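Peer 1: I'd like to ask you about the structure that follows.
The values are calculated or read from the model by the stated rules, or taken from the named source; none is laboratory data. Keep in mind the model is a prediction, meaning the values are calculated, not measured. Cβ placement follows ideal geometry from the backbone for every residue including glycine, while neighbour counts extend to all protein chains displayed.
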Amino acid sequence: MTSFDQLGLSAELLRAIAEQGYSTPTPIQAQAIPTVLEGKDVMACAQTGTGKTAGFTLPLLQRLSQSPKGGPRVVRALVLTPTRELAAQVGECVETYGKHLPLRSTIIFGGVGINPQIAELRKGVDILVATPGRLLDHLGQRTLDLSKLEILVLDEADRMLDMGFIHDIRKIMAKLPKARQNLLFSATFSDDIKRLADGILHQPVLVEVARRNTASEQVSQTIHPVDKSQKRPLLSYLIGSGNWRQVLVFTRTKHGANRLAQQLEKDGLTAAAIHGNKSQGARTKALADFKSGGVRVLVATDIAARGLDIDQLPHVVNFELPHVPEDYVHRIGRTGRAGNEGMAISLVSNDEKKQLRDIEKLIKKELPKVIIEGFVPDPNAVDEPEEAPPPRRRPAPRRQGAFESVERPKTQRHQRRRNQGQGRAQSQAR
């Protein structure tokens with residue numbers, strides 16, 4: 001396909017696409033859009049940054065607009081996403097491309113008040129974008145009716161499985177009408193994803209535009225061997241000497257992200273951290289500042305490896321390699337998006353050799369190693385390896401999304417404190 005005009009999209013959608021400056025569909029869009037327009041179930045796999053969101057949003061909008069329903073608005077399309085940030089980006093995409101269509105959409109996720117969401121749902125909504133936990137909250141309170149649903153989209157399905165949402169997804173499926181169109185979009189096709197698809201999709205069309213677990217060919221990947229103690233000075237040197245203006249840096253832990261952001265600030269680089277313990281307001285501000293150029297370095301944990309959509313992000317740095325090799329692919333997929341070139345740098349110390357081998361085995365490629373003058377690693381240095389976290393193959397079910405607050409532990413702490421206080425009071429009374 002050479003243009004969007006050839007995909008069978010309506011004039012209103014083509015106008016919205018043109019207003020965004022696009023004329024040529026990406027491979028995933030060229031394959032998925034006509035198939036979705038035909039009403040078929042789709043199982044689609046593509047690397048991050050290849051336009052998956054528009055690949056289902058555009059035909060979804062057209063199908064709903066071509067068959068308007070009389071009477072009060074009801075939810076006719078549901079898009080499930082694993083995180084708040086991704087839900088917000090999908091919702092923005094729906095608004096952008098549906099601006100010339102008479103359809104209403106809204107977003108619901110946890111960590112914020114539920115009453116404004118209830119008010120929006122009462123006004124009537126055609127398209128709903130949601131995280132699983134908050135969606136179940138609305139279903140439980142009967143503030144949401146999905147009995148008329150026509151189209152279901154599972155976005156970043158592999159991430160939802162990683163985060164333990166499989167039980168929530170099954171509960172949601174039980175609330176949906178049997179006759180519906182199903183679209184499953186994923187960055188990877190694992191065996192678990194195929195099992196999930198078998199239980200949801202009906203004779204799906206397979207759309208796959210990239211090999212499994214491969215990084216975009218638009219991303220150059222380089223390893224810089226370095227002693228662990230020299231990682232932060234090397235990072236500051238690379239940013240400064242290369243005059244990098246926008247850098248996404250990944251660490252393994254929330255504490256490590258906070259510490260590194262503070263250290264980079266001391267080095268004279270504007271930096272912010274984004275992870276699960278940050279409030280929704282702090283995360284939104286950090287991401288907005290990073291996109292606008294107010295913050296030069298955004299330090300993130302793996303929870304941000306999916307769902308961060310930053311146009312033309314030039315540099316991604318693995319300050320620490322992930323324990324799960326697939327996360328490396330998702331991390332560096334933040335750059336080299338939509339046909340743009342990107343650079344992925346990994347700072348690798350002696351204790352990370354196993355992780356590096358696992359990554360190279362996964363992507364079936366040996367990554368080039370470049371030692372930076374002044375940061376030559378000590379061949380005799382022995383870095384203590386960190387204890388790897390438990391495998392995430394079968395995580396415990398969670399009601400909350402990736403960034404949604406979990407109140408139970410806090411309540412339990414308060415209860416223990418109350419019990420301890422009562423014990424002391426009784427002891428003093430005796």
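Peer 1: Quick check on this structure: which one of Ala288, Ala282, Ala273 is modelled with pLDDT under 85, over 26 Å from Pro27 (Cα atoms), within 18 Å of the chain's Cα centre (by Cα) and not in a loop (DSSP other than H, G, I, E, B)? Working first, answer last.
Peer 2: On the way: Ala288 fails: modelled with pLDDT under 85; Ala273 fails: modelled with pLDDT under 85.
Going through Ala288, Ala282, Ala273 in turn, the sole match is Ala282.
Peer 1: Out of all the residues in region 80-88, is one or more among the basic types (Lys, Arg) and touching a Leu at 6+ places or on another chain (Cβ under 7 Å)?
Peer 2: Kept after step one, since they are among the basic types (Lys, Arg), are these residues of region 80-88: 84.
So of that shortlist, the ones also touching a Leu at 6+ places or on another chain (Cβ under 7 Å) come out as none.
Checked against the condition, which is being among the basic types (Lys, Arg) and touching a Leu at 6+ places or on another chain (Cβ under 7 Å), region 80-88 yields no hits at all.
Peer 1: Something else: Please go through region 107-116 and give me each residue that is touching a helix residue (DSSP H, G or I) at 6+ places or on another chain (Cβ under 7 Å) and either crowded, with 21+ Cβ neighbours inside 10 Å or among the small types (Gly, Ala, Ser) (or both), ordered by number.
Peer 2: At the first step, the residues of region 107-116 found to be touching a helix residue (DSSP H, G or I) at 6+ places or on another chain (Cβ under 7 Å) are 107-112, 114.
Across region 107-116, the qualifying residues are Ile107, Ile108, Phe109, Gly110, Gly111.
Peer 1: Filter region 29-66 down to the residues that are farther than 22 Å from Glu92 by Cβ and free of Cβ contacts under 8 Å to residues at least 60 places away in the same chain, then identify the one that is nearest to the chain's Cα centre (by Cα).
Peer 2: Ala30
Peer 1: Among the residues in region 202-209, are any modelled with pLDDT under 90, over 24 Å from Leu136 (Cβ atoms) and either surrounded by 18 or more Cβ atoms within 10 Å (Cβ to Cβ) or touching a Leu at 6+ places or on another chain (Cβ under 8 Å) (or both)?
Peer 2: First, the residues of region 202-209 that are modelled with pLDDT under 90: 207-209.
With the extra rule that they be over 24 Å from Leu136 (Cβ atoms), the set shrinks to 207-209.
Cutting the leftovers down to either surrounded by 18 or more Cβ atoms within 10 Å (Cβ to Cβ) or touching a Leu at 6+ places or on another chain (Cβ under 8 Å) (or both) gives us 207, 209.
Yes, the conditions are met somewhere in region 202-209.
Peer 1: Okay, next question. Quick test for you: out of Ala396, Ala381, Ala402, pick the one residue that is surrounded by fewer than 10 Cβ atoms within 10 Å (Cβ to Cβ), at pLDDT below 85 and among the aliphatic types (A, V, I, L, M).
Peer 2: Values: Ala381 fails: surrounded by fewer than 10 Cβ atoms within 10 Å (Cβ to Cβ); Ala402 fails: surrounded by fewer than 10 Cβ atoms within 10 Å (Cβ to Cβ).
The match here is Ala396.
Peer 1: I've got another one for you. Search region 248-275 for residues being in contact with a Ser or Thr (Cβ under 7 Å, 6 or more places away or on another chain) and within 11 Å of Arg232 (Cα to Cα), and hand back the single one that is surrounded by the fewest Cβ atoms within 10 Å (Cβ to Cβ).
Peer 2: Asp267
Peer 1: For Ala300, are the conditions met, namely being modelled with pLDDT under 75, crowded, with 21+ Cβ neighbours inside 10 Å and under 15 Å from the mean Cα position of the chain (by Cα)?
Peer 2: On the way: modelled with pLDDT under 75: no; crowded, with 21+ Cβ neighbours inside 10 Å: yes; under 15 Å from the mean Cα position of the chain (by Cα): yes.
In short, no.
Peer 1: Now for a separate question. Kindly state which helices (runs of 4 or more DSSP H) lie completely within region 120-189 and contain at least 3 residues that are under 15 Å from the mean Cα position of the chain (by Cα). Please lay out each step first, then the result.
Peer 2: Details: elements: 132-141, 157-162, 166-173.
It comes to 157-162.
Peer 1: Report every pair of residues separated by at least 6 positions or lying on different chains whose Cβ atoms are under 8 Å apart, first residue within region 242-259 and in the same structural domain as Val295 (by TED's automatic domain parsing), second crowded, with 17+ Cβ neighbours inside 10 Å and of a type in the set (Lys, Arg).
Peer 2: Trp244/Arg296; Arg245/Arg296; Gln246/Arg296; Val247/Arg296; Leu248/Arg334; Phe250/Arg331
Peer 1: Within region 340-373, track down each residue that is more than 24 Å from the chain's Cα centre (by Cα), under 17 Å from Ser220 (Cβ atoms) and not in a loop (DSSP other than H, G, I, E, B).
Peer 2: Val348, Lys369
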